[in-house]
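The values are calculated or read from the model by the stated rules, or taken from the named source; none is laboratory data. Here the structure is a predicted model, which is why all the values come from computation and not from measurement. Here the Cβ is made from the backbone with ideal geometry for all residues, glycine too, and neighbour counts use every protein chain on show. For accessibility, only protein heavy atoms count, side chains too; no ligands or nucleic acids. Shrake-Rupley method; radii C 1.70, N 1.55, O 1.52, S 1.80 Å.
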Amino acid sequence: MDFDVIVVGAGLAGLVATAEIADAGKKVLLLDQEPELSMGGQAFWSFGGLFLVDSPEQRRMGIKDSKELAWQDWLGTAGFDREEDEDYWGRKWAQAYVDFAAGEKRAWLHEMGVRFFPVVGWAERGGYLADGHGNSVPRFHIVWGTGPALVAPFERRVREHMKKGLVEFRPRHRVNQLLTDNGVVVGVSGSILVPSSAARGQDSSREVIGNFEYRAQSVLVASGGIGGNLDLVRKNWPTRLGEPPKQMVTGVPAYVDGRMLSITEEVGGRIVNKDRMWHYTEGLKNWDPIWSNHGIRILPGPSSIWLDATGKRFPAPNFPGFDTLGTLEAIKKTGYDYSWFILTQKIIEKEFALSGSEQNPDLTGKSIRKVLGRALPGPSDPVKAFMEHGEDFVIADNLTDLVKGMNQLTGENLLNLSDIERQIKARDREIDNTFTKDLQITAIRGARNYLGDKLIRVAPPHKILEPKNAPLIAVRLNLLSRKTLGGLQTDLSGRVLNSGGKPVPGLYAAGEVSGFGGGGIHGYRALEGTFVGGCLFTGRVAGRAIATEL
C-alpha cells in the first residue's frame, strides 16, 4: 500500500486535511478532477469572509460580542428541528464550530500569516426578534487578500509536503467509485481525464484517456456540493421555497457537480438534509464570465428599494442583506425568478460591493491605496464596469424613463409607473423626520449607529426621487446558486455514518460534501462567513482525527 490516506478533492477542506495528515508524517494521495491550476477550489473565488466571535477587530470597532450571543444567533438561524435524527450531528458540529470561532480559529490562522481587514462586515442582519434569525452584531471578517490569501497558507503547506514526498497530487483524476473490502473502504478507482489548459474556474474537458485504482487505509471525501449542477439543485429544491427556478445564474464553477455524494452513498454513506440549500437573491449575470452561466452576487447595504417582478415592494424584513432565504421564499411566491432594486448614485457608490476575489482587486491585491479609493465619490471600478456592460442595469435621470427601461429589459411590461411612483413617494415622505413607521428606514438609521456601516457601508438616509440625487438606477436581480447545506452525515471526527448511525470503516468527509460538518451544521440558514470557515474547521478536525487513528 503506497499511501496512508487518499483525499478526494483539492479544495480548501481537502488542502487543510492533507496538510494536517502530512504534518503527522503520513503519506497522502490528493486527487482532483480539475487541472492543477484549480487547487483551492471555490475558496479561491470567495470574498474570504470568516465568522469570528469577540475578535480584536470587533472590539476595536466597539462591537460587544460573546460566545453566548453567537450561539443564540446560530440556534435562532439554524432552526434545528430534526434533532433526534438528521440534525443530531449537525447541531454538535455547530456547537463545536462556534467554540472554535470564539476560541483558537483566529490565532491558528494568524500564525500562518492570515490577516484581516479592520472593518467587520454585518451580514444576515435578521430583522426578527432577538432569538430569531440573523447576526445580532457584525461578525463578517474579510481576509486581507480575500479568498486567495486564505487558500495560500494551506497550498503552501501541501506543496512543502509534496517536496518531502509525503504528498502526491494528481490532478485530472476523477473518482468514479469507492473501493470496499468486507465493508471497509480501502481505496478509489476512476478515470484519468485528458490534460487541460483551462484557466482556473473555466469549464474543463471530461474526455477520458485512462483509468486508475489506488488503495489506502483511509479515504477522505472533500469534493464540494451541488451548486454548479442546476439539475441537481432543482431536483432537491425544497417545496417550502416554492417551485424550482426555471432561470438561475450559477455562482460556482461547473466542477461543483455533486458526483461524490451519490458515489459515497453507494458504499453506505448517509446523506441527510437534502432539502436544505443556500442560494442568493441578488445575482447579476457576469458581463465577463469565467465559467458557464457565471453569476456574481451583490453584497448590498440596507438602503435600496426592493421590488418584486411586478413592482410591489417586499414587506419587512425582506430588506437587502437581512434574510437571504426568507426573501428567496418571498420572491418565489410571486411566480417569477427575479426581482428589482431601485436606488440612487449615493446608494450604489457606498452600498454596492460584489462578492468574489476577482471583483475586489483592491482587497485581493492587498492595496491600501486602492482600498482608500473606495471613500472617493463614485462606485468602485468593478461596480462601474457592471453598470456600463452588465445587462441587468438600467440608469435614467427620472422615474418615467427608468420604469420604461426596466420593462424593455424584461420584455414583460409588468411594471406600472404610477404604482411604483406611489410607493417610492410614500417612502420618501418618511425621511422628513428622524422617526418613522417604515422599518427599512429605521433599519438604515440603526445600521449607521455602527461605525463600520457609517464609514463605508451605509449611505445617509435620503429621498430617492429628489432631483439632486439623480440619476436613478434599477438592477434586475437573478437567483444565484451557491451552497449545499445538507450532505454526508459525519460524527465529530469526520467519520461518515451509515443509515444506522454507525461509521463506515475507513471513510471520512469534510467541507461542503458533509454539510460543512455533521450533514448540516447550518440547519436551514447560514450566518455567513461560515462556508469557507466550515471547510477550514472540518478539514482540520478530520485531518487530525485520521492522523490519530493511523
Tally up the carbon and sulfur contribution to the accessible surface of segment 436-550 as a whole percent, 1.4 Å probe, everything protein left in place.
53 percent
Inter-label distance, nm, simple model (7 Å from Cα along the C-beta direction), VAL194/ASP397:
5.5 nm
By how many nm would the segment from LYS64 to LEU451 grow when fully extended, if each residue of separation counts as 0.36 nm and the alpha-carbon distance is taken off?
138.0 nm
Out of LEU343, SER367, ALA353, whose Cα points farthest toward the positive end of the dipole of segment 325-379 (charges: +1 Lys, Arg; -1 Asp, Glu; placed on Cβ)?
SER367
With every protein chain left in place, what is the accessible area per residue of segment 203-298 in square angstrom, probe 1.4 Å?
41 Å²
Whole-Å distance, taken between Cα centres, linking segment 6-21 and segment 123-168:
15 Å
With axes computed from alpha carbons, what is the tilt in degrees of helix 399-410 against the longest principal axis of the chain, rounded to the nearest 10 within 0 to 90?
30 degrees
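Show me 212-225, 487-500, 159-172 ranked by packing, highest mean number of other Cβ atoms within 10 Å first. Intermediate values should be presented prior to the final figure.
On the way: 212-225: 25.3, 487-500: 22.5, 159-172: 16.4.
By packing density, highest mean first, the sequence is 212-225, 487-500, 159-172.
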With just the Cα atoms defining each centre, how far is segment 448-476 from segment 22-39? Give it in Å.
46 Å
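If you put +1 on each Lys and Arg Cβ and -1 on each Asp and Glu Cβ, how big is the dipole of the chain around its Cα centre, in Debye rounded to 20?
Numbers: 66 positive and 65 negative charges, 201 e Å.
Here the chain has a charge dipole of around 960 debye.
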Per residue, in Å², the accessible surface of segment 370-416 once ligands and nucleic acids are set aside, probe 1.4 Å:
57 Å²
Choose one of LEU492, SER514, GLY539: the residue whose Cα lies farthest towards the positive end of the charge dipole of segment 491-547 (beta-carbon charges +1 Lys, Arg; -1 Asp, Glu; about the Cα centre).
LEU492
Helix-only mean residue ellipticity at 222 nm, the chain, DSSP H runs n ≥ 4 weighted -39,500 (n - 2.57), per residue, nearest 500. What is it?
-9500 deg cm²/dmol
Accessible area of segment 216-285 with a 1.4 Å probe: how many percent of it is carbon plus sulfur?
47 percent
Residue separation times 0.36 nm, minus the C-alpha to C-alpha distance between TRP287 and ARG234: what's the value?
16.6 nm
How many nm separate the modelled label positions at GLU104 and ILE209, each set 7 Å beyond the Cα in the direction of the Cβ?
4.4 nm
Roughly speaking, what is the stretch gain from GLU549 to LYS468, that is 0.36 nm per residue apart minus the C-alpha to C-alpha distance, in nm to one decimal?
22.4 nm
Step through the table entries LYS246/LYS312; LYS163/LYS366; LYS366/LYS483; LYS105/LYS502; LYS285/LYS384; LYS332/LYS425, compare each Cα-Cα distance with 23 Å, and write down the pairs that go over it.
LYS163/LYS366; LYS366/LYS483; LYS105/LYS502; LYS332/LYS425
Quick one: which of 76-84, 97-105, 276-284 comes out on top by average Cβ neighbours within 10 Å, and what's the full order, highest first?
276-284, 97-105, 76-84
Taking 333-341, 59-67 and ranking on average Cβ neighbours within 10 Å, highest first, one gets 333-341, 59-67
